[in-house]
Amino acid sequence: MKKLSVLLLALVLIPGSVFAEGSGAGLHCFLKGKALEANGPFIQDNRTFASAELLKKEGFDITVDGKAITVKDKDRSITMTVGEIDYRADAAKFTMDVAPFEKDGEVYLPLRYVSEGFGMKVTWDEDKRVACLGDYTEEMPFSNEEPTTTKEGFAFVIPEKYKNYYEIEDDRSEVRFYDKANYRKTDHVGLIGTMVKVADPTEAKEPMLLLSPVPGGYLIFTYADVTGMKNVDDENLKQQYEQSKTALAEVLKTVRASEHVE
């Protein structure tokens, strides 16, 4: 029995005419907000596949036992069989129009059906060649607390325990999050990152999170490319900055747009 911890790209059907058969050129994939390498997934039989070996490090659990494949995520599971089009998502049975296959000792999965099995939202932007596979904001922590609304109509929740972590600048075009302990308004020291709406997320600098497709584009968060600290040698300031940065990753899961693109 071979056990692999895998990331499963939950890709929507992408027409085979878009790319050469067997090619992943031009694909831009975001799984729950995180960018994935463009050359991993590929098109075969008008469906998008990816290897377990390529995707193993991101958190889903796969067990391959002979031809049987079991995929688990939290309390849900999918079972597929190499070479067969029938599969199960929990107790429900479904039929695919392609089958998982094995080549050179590696198993490849048709990712549209993995997506459907786990109930992920999927959007495909034909113009930008962007597949959004689940939103970063699908999980909703702190849902019982009052949200803050930006000038552009986006809302997010900063829970009481984090209220003193941040200074926020909202000038309509973007929302900037600063670590309060390191914040210095005169030269914008203390910046953790910026939330902004863009037309094309593939042109944004890294590291970034794609929070959600929104009308007219995408809402993204880009992390500052400098430390954002008043004094890089001050261990207390360094610790506070990192603590605020880590907590912000949870705060960003609460972002809601006035209208989500399905």
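Quick look at the values:
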| item | result |
| --- | --- |
| Value of [θ]222 nm, deg cm²/dmol, for the chain, DSSP H segments ≥ 4, -39500 (n - 2.57) each, nearest 500 | -3000 deg cm²/dmol |
| √(5λ) per eigenvalue of the Cα gyration tensor, the chain, largest first, Å | 38, 19, 17 |
| Charge dipole (the chain, unit charges on Cβ, about Cα centre) - positive-most of Met80, Thr246, Phe49 | Thr246 |
| The chain - percent of accessible surface contributed by carbon and sulfur, probe 1.4 Å | 46 |
| Point-charge dipole on Cβ atoms (K/R +1, D/E -1) for the chain, about Cα centre, debye to 20 | 340 |
| Listed residues Val130, Val226, Val82, most fluctuating in the chain (Gaussian network, C-alpha, under 10 Å) | Val226 |
| Surface accessible to a 1.4 Å probe, per residue, for the residues of the chain, Å² | 50 |
| Relative contact order of the chain, pairs being alpha-carbon contacts under 8 Å that are 6 or more residues apart, as % | 17 |
| Lys, Arg +1 and Asp, Glu -1 on Cβ, resulting dipole of the stretch 54-201 about Cα centre, debye, nearest 20 | 240 |
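The values are calculated or read from the model by the stated rules, or taken from the named source; none is laboratory data. Because the structure is predicted, anything quoted here is derived from the model rather than measured. We place every Cβ from the backbone using ideal geometry, glycine too, and count neighbours over all the protein chains shown. Ligands, DNA and RNA are stripped out before the accessible areas are found, and what is left, the full protein with its side chains, is counted by its heavy atoms. Shrake-Rupley method; radii C 1.70, N 1.55, O 1.52, S 1.80 Å.
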